[in-house]
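Down below is the structure, laid out as structure tokens.
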Amino acid sequence: MDILARYFDGVRPVAQAVTLRRVAAGLEIVLPDGRAPILWPYAEARIDALTPEVQLHRVRQNLDTGERLIASAEAFQREFGSMLASFGRGRAGEAGAMRIALWCALAVASLAFLFFVGLPVLARVAAPMVPWRWEAALGRSVEPQVLEYFSKEKDKPIAFCGGEASAGTAALQAMVSRLSAGANLPAPVRVDVLDTPMTNAFALPGGRIFIFRPIIDKAMSPDEVAGVLAHEIGHVVHRDAMRGLIHNGALSLLIGAVLGDITGGSTIAILSKMMLGSAYSRETESEADRVSVDLMRRAGADPRAINDFFRRISPLGNATPTIFDALSSHPVTSERIAAVEALAAAIPKGGKPILEAQEWAALKAICAQTVKPAKEAP
Amino acid sequence: MHIPTIQRSETLPPPPSGVMPPVAPSERLVPVMAPLAWLVIKGTLLTILTLGIYRFWYRTALRRYYWRNTTLAGDGFEYTGTGKELFVGFLIALAIVLPLYFGVTLVGLFGGQVLGPILATILGSFIMPAVVQVLIYRARRYRLTRTRYRGVRFHQSGTGLGYLFHTVKWLILTVLTLGIVFPYLRRALERYKTENTWYGSAQGAFDARAKPLMKSWLLLWFLALFAFLLLVVSSVLVSTLGSNSLVLGLLALAMLLAVPFAWVNYRVIEFQSFVGGTSFGGISLASDLNGGSVIWIWVRYYLLLIGIALGAIVLGWIMGIRPRIPVNPNDVGAVVQAPLVLLAAGAFMAMVLTTEILFRRKLWALRVASITVTNVAALDAIVQTAGQDAIGVGEAFDTGFDIAG
């Protein structure tokens, strides 16, 4: 039975009244004024809609010909209802559902690979290639901002402990040079003690190390301070500040580009960044610990001292790792303490302290005298 | 499916007996409100599950929906683009933008103390927006070449650089006049777009004028200016005299609140004017979009969003979910509770559905229904011409669904 339909030939936007006929190869369009009928093979006939009217378009050699057919739903179902599976699928150049699913899976897998393997490797390889001069320039440019961030009172700049010629500074320099002697440093590190109430220490790009006053106040022996310092020197040796910059920059770029405009996806982005960032920094922390043990051993001091110090200051005495550790970017975990114990196991206990008694006394008193930070250090 | 409107009957002489009058028939565009919720839910969930990669297919599905349900004389428009094209276009756009981004970052970091920030600023605030402007024009070309009506395709001539040139020219004039000639900027860009739009062999023509827009634009402009001045005056009064200028402050606040309404009002008048100035090969368009209805959609949308957020909070309170502050920092995991996650997810999905169905679709329907097409019979003279296909570059920047804008 023939079906009445409207046919658009893809050339003019004007409907032609035609009849459709089912033939073996597909769907035949009988034109009004005795012109030769047009055959749409099933594979070329694509169904766009079955309700309220049936709409078909034609794709030949993977190109949309612009031809369209519109017919009544019941008549079409009656004639072609049993053949629906034979019709072609989708728009020209469209991928099937399976293929889309495969691509999505591949894309997710490659993103995961990039996040977990690619970026850390990129950071590790690229950081040493950045000229040291650039890194130092970078460090100098961020230093004022970092100092401002840590200063407690807005209008008062943070103070450096010890003067140019003070005994405390001399003791600190002695400790630095004894530790640096065994280190494979691209350039000498510059160390200062900051007069702040927080317990912290960090290394900026370019070998700039800051130790906060409470570290010296709370330390019971020079080796405890030296352990912390050696850990920061470890970061400089591995160029971790630069690595972190590259890693974070590339990570936020990727997250921004890929997850960019999903609605509500920013939560996932922030969470994944925290997780990935902390997994990455835990690795760099353990690497810095390894350098710390090595430098302390070479300087003849006790690498285990840093553990005593951590145990004393850390409020987290528990032995099991928690979700908090997984999210923290700078965790002092029992894991790390155990790792240091293991590394230092072969080193005999009771080495010579890194500083003489009077040097240690001078270092303890380094913050008795403070100076404002110099405008620009060479 | 369509509502024929007879507009010219009173202006025409009575038809001579036995002869059909040469009335140019006019048709209204009709938006069909087909079911949409399932498409939105599926698209949103899959987009989240695939870390955002499904969004190209979701966006394609949405476009197919809006195009198909925009009907003229009983026939819907068609969107023939595919998600795959958008995905490939996104990768190409990344290849253009990522090096630029890297360039800005590297120059800013290592370009030196003085030169670095200057170069980074030039790259970031001039080159990047210029590239984006070119890509926006190309994205429009992509959408047009994937749009068909009755089997005949639209396409776009002109170049992204030409569009950029017009943008820059009028942007300079707009800045020099402190924004007063902004409607002329809008008209110049709309004109470039429309005159380079083709439906088969019919080229778009544009004769809307900017002058009728000036009234609503200046209203907005002076409103913003006075609100700003009032804020400055009242804060100066408070800080110097310590006087209580509550009235002035409230007045400034009211003016600030009126600015978005004035903006929507301007856009509605602009839409009417631009649509009314558009024609294709003797087929002309007109719009009687109602400003009050559009403003109500916006107001209702924000009220609904606030309502959903408050509803979720109240529901959470009734269900006994109390925000817990962990006593022990190790206890962070305990804060994330299953009912809380479910509630947040439900509220999120409600907001997504509201945005698409009660906001975007409603605005689309209002705009579509406002358009009258005169002389549909002129379609007979149009034939499909060869217009080259465009790949989906620039699609990464494209979020709108405007079909007549």
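A few comments on the model shown:
- Measuring between alpha carbons in the structure, the pairs from B:Lys193/B:Lys362; B:Lys215/B:Lys362; A:Lys352/A:Lys372; B:Lys42/B:Lys193; A:Lys218/A:Lys352 lying more than 29 angstrom apart are A:Lys352/A:Lys372; B:Lys42/B:Lys193.
- For the segment A:127-140, counting C-beta atoms of other chains within 10 Å of every residue's C-beta and taking the mean gives 1.
- As a length-normalised measure over Cα pairs under 8 Å and 6 or more apart, the relative contact order of the range B:218-270 settles at 48 percent.
- Between A:Ala181 and B:Val232, the simple label model (points 7 Å from Cα in the Cβ direction) yields a spacing of 6.7 nm.
- Probe 1.4 Å, protein heavy atoms only - accessible area per residue of the range B:218-270 in square angstrom: 62 Å²
- Bins of 10 Å from zero: percent of alpha-carbon pairs in the range B:218-270: 27, 43, 20, 8, 1
- Both radii are taken from the alpha-carbon atoms of the range A:3-86; with Rh as the Kirkwood radius, Rg/Rh is 0.92.
- Residue-normalised accessible area of the range A:3-86, expressed per residue, 1.4 Å probe, Å²: 48 Å²
- The range B:101-195: radius of gyration over Cα atoms, expressed as a fraction of 2.2 N^0.38 Å: 1.42
- The Cβ shell under 13 Å around A:Glu224 holds other residues with a net charge of +1, Lys and Arg each +1, Asp and Glu each -1.
- Neighbourhood net charge (13 Å Cβ-Cβ; Lys/Arg +1, Asp/Glu -1) for A:Ser180: +1
- Placing dummy labels 7 Å off each Cα toward the beta-carbon, the span from A:Ala126 to A:Phe202 is 2.1 nm.
- Accessible surface buried once A binds B (1.4 Å probe; total of both sides; Å²): 3900 Å²
The values are calculated or read from the model by the stated rules, or taken from the named source; none is laboratory data. Treat the numbers as computed from the prediction; the structure is a model and nothing was measured. Cβ coordinates were reconstructed from backbone atoms using ideal geometry, including for glycine residues, and neighbour counts include every protein chain displayed. What goes into the accessible areas is simple: the full protein's heavy atoms, side chains included, and nothing from ligands, DNA or RNA. Shrake-Rupley method; radii C 1.70, N 1.55, O 1.52, S 1.80 Å.
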